[in-house]
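Visitor: Okay, handing you the structure first.
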Amino acid sequence: MDMKAFSLEGKIAWITGASYGIGFAIAEAYASAGATIVFNDINQDLVNKGLAAYEEKGIKAHGYVADVTNEDAVQALVKQIEEEVGVIDILVNNAGIIRRIPMIEMSAADFRKVIDVDLNAPFICAKAVIPSMIKKGHGKIINICSMMSELGRETVSAYAAAKGGLKMLTRNICSEYGEYNIQCNGIGPGYIATPQTAPLRERQPDGSRHPFDQFIIAKTPAARWGEATDLQGPAVFLASDASNFVNGHILYVDGGILAYIGKQP
Ligand code: NAP
Ligand code: GCO
């Protein structure tokens, strides 16, 4: 087998919400594999922060301000990227938010906001890039799903609904555009140590670990939280020619949580 199949040389990758966190780690891996990195974030400060962080890693990224929930803004952004950088070969729908509120206390506005960012935006961004991928004869779309694409838990009703929907959007893009050599897959991270999960890992006043932190350690065969870098290899695989016959698949990168009943307390 020619290992060049894992290379991203000559490819243009757009990772949404990639100023930091999982998106940044994926972009870093894609740059190492030879891709040109394009990212967006919701305001110029974050884009500048991202550009500085990429530069520190020796990566010349292209950063744009765009709210991925705004279809006109995304359509304009893709046109601008195609003019300034080139046609997008790889889209990673990474931007996402969570609101941890008991369902019956959650406002419909909060529920809608999570659905808007975590489900509507991946639809908007995929819809914007697919026409040029069809013309180009290939494309890769990777949706950052979640264990909550499979499981529920208290306080994350909107997030689980969005990520469950994102799993099925992934399968539908596969079904509708697979014949154009477009592969759409998902990555389902387990519990990853990023700003999004920081509240779940905060030390208690007595210095002990957060109860949820202890719970995740007991539920994970790897007995640790994931790091954003744990997602880099799987993300490169799904963006590369090595996965051209993998489509509609959600690759769980969770340290084994989904397979494990959990350690007896
Ligand atoms: P994070 O640290 O909160 O980063 C999320 C990124 O998305 C930030 O750069 C954020 O920018 C950006 N963003 C949010 N709303 C946006 C919008 N409307 N338009 C453009 N950018 C927007 O989260 P993370 O932990 O890296 O998670 C990244 C993805 O992985 C999310 O989809 C999340 O659901 C998923 N995930 C995370 C975990 C985990 O354990 N961390 C596990 C499974 C799945 P702002 O700073 O402006 O909000
Ligand atoms: C939570 C966490 C999870 C993780 C991730 C798990 O509150 O349960 O934020 O939702 O972010 O999605 O895969």
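The values are calculated or read from the model by the stated rules, or taken from the named source; none is laboratory data. These numbers come from a predicted model, not from an experiment. Cβ sites come from the backbone with ideal geometry, for glycine too, and all protein chains shown count toward neighbours. For the accessible areas, the whole protein counts, side chains as well, though only heavy atoms, and no ligand, DNA or RNA atoms are used. Shrake-Rupley method; radii C 1.70, N 1.55, O 1.52, S 1.80 Å.
Visitor: Could you state the orientation-averaged shadow area of the convex hull built on the Cα atoms of the chain, in nm² to one decimal? Before the final figure, lay out the partial values.
Guide: On the way: hull surface 61.5 nm².
Projected area, direction-averaged: 15.4 nm².
Visitor: So what is the calculated 222 nm ellipticity per residue for the chain, using -39500 (n - 2.57) for each DSSP H run with n of 4 or more, over all residues, to the nearest 500 deg cm²/dmol?
Guide: Values: 8 runs with 101 residues, N = 265.
My calculation for the chain gives -12000 deg cm²/dmol from helical runs alone.
Visitor: Next question. Treat every Asp and Glu Cβ in region 1-69 as -1 and every Lys and Arg Cβ as +1, leave all other atoms uncharged, and give the resulting dipole magnitude about the Cα centre to the nearest 20 debye.
Guide: Details: 5 positive and 8 negative charges, 29 e Å.
Charge dipole of region 1-69: 140 debye, to the nearest 20.
Visitor: Remind me, relative contact order of region 73-165 in percent, using alpha carbon pairs under 8 angstrom and six or more residues apart? Provide the component values of the computation, followed by the final result.
Guide: Numbers: 106 pairs, mean separation 38.2, N = 93.
With pairs under 8 Å counted, the relative contact order is 41 percent.
Visitor: Whenever you get a sec, line up M147, M103 from highest to lowest accessible area (probe 1.4 Å, protein heavy atoms). Walk me through the intermediate numbers first.
Guide: Details: M147 10, M103 130 Å².
So, going from the largest accessible area down, we get M103, M147.
Visitor: Now, a different point. Hey, got the Cα dimensions of region 1-144 along the principal axes, in Å, largest first?
Guide: For region 1-144, the Cα spread along each principal axis is 54, 35, 33 Å.
Visitor: What full-extension length gain, to one decimal in nm, is calculated for L258 and N48 as 0.36 nm per residue of separation minus the Cα-Cα distance? Don't skip to the end; give the middle numbers.
Guide: Numbers: separation 210, 0.36 × 210 = 75.60 nm, distance 3.70 nm.
Stretched out fully, the L258 to N48 stretch lengthens by 71.9 nm.
Visitor: Choose one of S149, G188, M133: the residue whose Cα lies farthest towards the positive end of the charge dipole of region 113-204 (beta-carbon charges +1 Lys, Arg; -1 Asp, Glu; about the Cα centre).
Guide: M133
Visitor: Right, here's the next one. Would you report the distance distribution of C-alpha pairs in region 68-220 as whole percents per 10 angstrom bin, up to the bin with the largest distance?
Guide: Result returned by the calculation: 11, 34, 31, 17, 7, 1.
Visitor: Taking amide H positions as placed 1.01 Å from N in the peptide plane, with prolines and chain starts having none, which residues 5 or more places from Y191, or on another chain, fall under 5 Å of its amide H?
Guide: Residues meeting the criterion, in which the H sits 1.01 Å from N, are G226.
Visitor: Oh, and also: Collect residues whose amide H, placed 1.01 Å from N in the peptide plane, falls under 5 Å from the amide H of C184; neighbours closer than 5 in sequence don't count.
Guide: Under 5 Å from the amide H of C184: I141, C174, G248.
Visitor: Principal axis lengths of region 116-201 from Cα atoms, whole Å, largest first?
Guide: Cα extents, longest axis first: 45, 20, 20 Å.
Visitor: Starting from the residue with the highest accessible area, list D230, D206 in decreasing order, probe 1.4 Å. Please list the in-between numbers first.
Guide: Numbers: D230 55, D206 120 Å².
Heavy-atom accessible area, descending, gives D206, D230.
Visitor: Something else about it: If you line up the Cα atoms of region 138-265 on their principal axes, what length do they span on each, largest first, in Å?
Guide: Principal extents (Cα only, largest first): 57, 28, 27 Å.
Visitor: Under a Cβ-only charge scheme (Lys and Arg +1, Asp and Glu -1), can you give me the dipole magnitude of region 39-102 about the Cα centre, in debye to the nearest 20? Mind showing how you got there, number by number?
Guide: Working: 6 positive and 11 negative charges, 78 e Å.
Taking the Cα centre of region 39-102 as origin, the dipole is about 380 debye.
Visitor: Another question about this same structure. Determine the dipole magnitude for the chain: charges of +1 sit on the beta-carbon of Lys and Arg, -1 on that of Asp and Glu, nothing else is charged, the reference point is the Cα centre, and the result goes in debye to the nearest 20.
Guide: On the way: 24 positive and 29 negative charges, 116 e Å.
Taking the Cα centre of the chain as origin, the dipole is about 560 debye.
Visitor: Still on this structure, I have one more. For region 1-72, report the accessible area per residue in Å² (1.4 Å probe, heavy atoms, rounded to an integer). Kindly include the intermediate steps, with their values, before the conclusion.
Guide: Working: 3400 Å² over 72 residues.
Per-residue accessible area for region 1-72 comes out at 47 Å².
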